[in-house]
Structures are given as C-alpha cells and as structure tokens.
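These notes concern the structure reproduced below.
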Amino acid sequence: MIGWYVHHHGHGHVARFLAVQPHLRTPVTAFSSMERPAGLPPHVEWMQLPPDADPFDGPDGSIMDPRHADPTARGHLHWAPHGHPGHRARLAAIAAAAVDRALQAFVVDVSAEVVAFVRLLGLRTIAVTQPGARTDAPHALAYDLADRIVAPWPHGAVPTDGLSAHGDRVMWTGGISRFDGREPADAPDERSVLMLGRVLEPEVRHETTARLRDRGWTVTSIGHDESSRIDDPWPLLARTTVAISAAGQNSVADLAAAGTRAVVIAQERPFDEQEHTATALERWGLARRAEASVQPAELVDLVERAAGDRPQWRSWQVAGAAPRLASAVEAVLP
C-alpha cells in the first residue's frame, strides 16, 4: 500500500495525483485537506485531513492566529504552528493509517514537514518538488531525507540549485498532464483566444477581450471565477489559436499536451516558482512571456505575435510522464 499526500493549495497537486493514480499497480491511500475529487475511482481511499491554518483556541481561551505561533520553528520548517489541534490531528491520522494500512511508501506532493514525518515513521519517501529558488533549510531537509525526489518537468529546463547535491535520487519525469494522449475532437479555430484561470485582473481581462474582438478575434474566458469553471477544458484548449495562461506546472503541461501557442504570465508564488518556469518557456521558445503588470494593448500584441509561433512542445516531455512518475514511486517499494 502507498500513501500519497496531496497539498490543498490550488488544483494542480490533485490534478497530478489524478493523472498518475491510474498507472499505479499498487493500491494507494490519499491524504489531503481537500474534499474527495470527483472522478476518483471508488476503490481509491481518500482521507480528508483537518485544516491546520485556521485560527484556534489558545491555552488561555483566546483565539490564536497560527501565523503567530512560531509556525516555522525559527526558519527550520515551513508550517508547524505551536498548539494547533488540526496540525497535530492531521499528522496523527497519517501515522495511524501508516500502521493500520501497513503503508510501505509515501509520496508527498508537497510538504517538507510531511516528508520529514513519514520518513521518521520509517516509510520509503518520495518527495515531489517544484521549480523555484528552493534552497532554504526546510527544503534542504526534505531533499536530504527523501529516498526519491521527483521533478515533474524536463531535465535542464529550469535551474534547480536546491537539487544539485541530490542528482542520484532525482528523477525528471517531464510535465504531467491529465490530457496526455488525448486527441483533439474538433478542427482548430481560426483567430481564437482562450483565457485560462485568474491570470488577469478583471479590468485587464475585460479590456483585452474588447481589444481582441475589435481586431477580429474570438475570445473565451474560463476559470476566472466559480461560475466560469468547466470540468473538461480540453476541447477548447486543443482547438484554440492562442491561450493566455499562468505558468504553473499543470497549466504548462496541459498547454504542452495540446501543442498550444501561448502567452504565459507568471503569478506570484512562493520561491518564485512561476517566474522560473516562465523564463524557461521563453528561453526554450515554447511560449511568449508577459509580466504580471502587462497592459491590454501589450497583451494583444503578444497574442498576435504568438499566433505565428511553432512551439516544439515535445521538449516538455509530457508524453508518458505520468507513467514515469508511477514507475519512480513503485521502484522504491521493497
């Protein structure tokens, strides 16, 4: 039995789990603060963990903010607030499951604390990492302890100073997309733009849309709020002329799976993850890059330039990446 910790921030970590899980031959139990995702097969156990970032009752009866409870242990950890019952309960649930379900290995996507904890439990530990300047003490600890480190992007694409000392334990899988192997159902649209997610401020999105339509473009925007979310963006992604997207790992892998021309905008994330990725995409000629402060006129110009690009997305190595991660996980089993 394999355990798999799915970080609750955003949708990328759970999307990665859903892409890899079908390729595992070993049963898996997932742990996350998120609710069980739709579409997860019934035989896969999903243990929902209590939250550990909400206010809690302090010992004197006052309401405590976990940010003021030494959550980093003076910079040695990322998140372990003193006295938080949810934090304690989630680690206890993982420990109990490790015993009750006889877990043999544990994938952590992502948490330095969970890597350290499950390794202390004696489990073979696989740490999924992300791009960015991850040279701080908590990441160094996680990398030192992990039996295997998985980097879900192609080797050499993004600088990884924090991984340089661990090359023998790092596996570069390429980008992992839920759309790997899926074929477009429709013919490509001409002069169409797809805006993905909350990558633009509403006023910038509205003005950019108006300017593009004035120039003869069809514009579709999805995922910028709950009402615009769709379960399957593949048909739109596969036939659009240009996509405007964030530079997160899953977004980029989905663009690569579809072979989509793109303008990427790095969103602010810890350790400058998306900045590093957007720089890599621009350097490899895979996408046009816009700054977060981009103005509508400039963005329209970038879209029209991107429409003539021929990105060689094969270099992002999406094909077979999910099975490669599954193989890397099962290779550490006894």
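Any read-out appearing in this document is the output of simple, stated calculations on the displayed coordinates, not a laboratory observation. Owing to the predicted nature of the structure, the values given are computational and were not obtained by experimental measurement. All Cβ positions, glycine included, derive from the backbone under ideal geometry; neighbour counts span all protein chains shown.
Could you let me know the centre-to-centre spacing of region 155-176 and region 1-44, using Cα atoms, in angstrom? Between the Cα centre of region 155-176 and that of region 1-44, the gap is 23 Å. Which of F117, V20, Y143 sits farthest toward the positive end of the charge dipole of the chain, with +1 on the Cβ of Lys and Arg and -1 on the Cβ of Asp and Glu? Of the listed residues, the answer is V20. Of the residues L200, P41, P334, the one whose Cα sits farthest towards the positive end of the charge dipole of the chain is P334 (charges of +1 on Lys and Arg Cβ, -1 on Asp and Glu Cβ, taken about the Cα centre).
Reported value for the chain: 145 Å³ per residue, from the convex hull of its C-alpha atoms. When you count the other C-beta atoms within 10 angstrom of each residue and take the mean per peptide, 125-131, 181-187, 103-109, 156-162 line up highest first as 125-131, 103-109, 156-162, 181-187. Return the FRET efficiency for the residue pair A69, E268: r is the Cβ-Cβ distance, R0 is 22 Å, and the value is rounded to the nearest 0.05. Plugging the Cβ-Cβ distance into 1/(1 + (r/R0)^6) gives 0.35. Under a Gaussian network description of the chain, with springs only between Cα atoms under 10 Å, the residue in W172, W316, W217 that fluctuates furthest is W217. Given their separation in residues at 0.36 nm each and the Cα-Cα distance between them, I222 and A96 gain 41.3 nm when the chain is fully extended.
Answer rounded, prolate or oblate for region 192-316, using the Cα gyration tensor with square roots of eigenvalues a ≥ b ≥ c: rounded when a/c is under 1.5, else prolate when a/b is larger than b/c, else oblate.
rounded
Taking amide H as placed 1.01 Å from N in the peptide plane, S192 has its amide H under 5 Å from the amide H of T218, T241, V242, each at least 5 places away in sequence or on another chain. Note on A185 and A307: with the Förster distance fixed at 25 Å, the Cβ-Cβ geometry gives a FRET efficiency of about 0.70.
Couplings 3J(HN,Hα) for region 96-110, derived from phi with the Karplus relation 6.51 cos²θ - 1.76 cosθ + 1.60 (θ = phi - 60°), are 5, 5, 4, 7, 5, 9, 6, 4, 10, 9, 9, 9, 10, 10, 10 Hz, where x marks Gly and Pro. Taking the average, over residues, of other Cβ atoms within 10 Å as the packing measure, peptides 254-260, 31-37 rank 254-260, 31-37 from highest down.
How big is the dipole moment of region 239-279 about its Cα centre under a simple scheme where the beta carbon of each Lys and Arg is +1, that of each Asp and Glu is -1, and everything else is neutral? Debye, nearest 20, please.
In debye, rounded to 20, region 239-279 gives about 280.
Karplus-based coupling profile of region 285-296, in residue order and whole Hz: x, 9, 7, 7, 10, 10, 6, 4, 8, 4, 9, x, with θ = phi - 60° in 6.51 cos²θ - 1.76 cosθ + 1.60 and x standing for Gly or Pro. A simple charge model with +1 on the Cβ of Lys and Arg, -1 on the Cβ of Asp and Glu and nothing else charged puts the dipole of region 192-316 at about 560 debye relative to its Cα centre. Convex hull volume of the Cα atoms of region 35-114, normalised per residue: 126 Å³.
What does a probe at E291 reach in region 306-330, counting residues whose amide N is under 13 Å from the point 7 Å along Cα→Cβ? Once the point is set 7 Å along Cα→Cβ of E291, nothing inside region 306-330 turns out to lie under 13 Å by backbone N.
Phi-derived couplings, Karplus 6.51 cos²θ - 1.76 cosθ + 1.60 at θ = phi - 60°, listed residue by residue for region 72-77: 9, 6, 6, x, 8, 10 Hz, with x used for Gly and Pro. Backbone amide hydrogens, once placed in the peptide plane, bring M47 within less than 5 Å of A30, F31, S32, excluding anything fewer than 5 places away on its chain. Amide H contacts of A262: A243, R288, each under 5 Å away and 5 or more positions distant or on a separate chain (H built 1.01 Å from N in the peptide plane; Pro and chain starts excluded).
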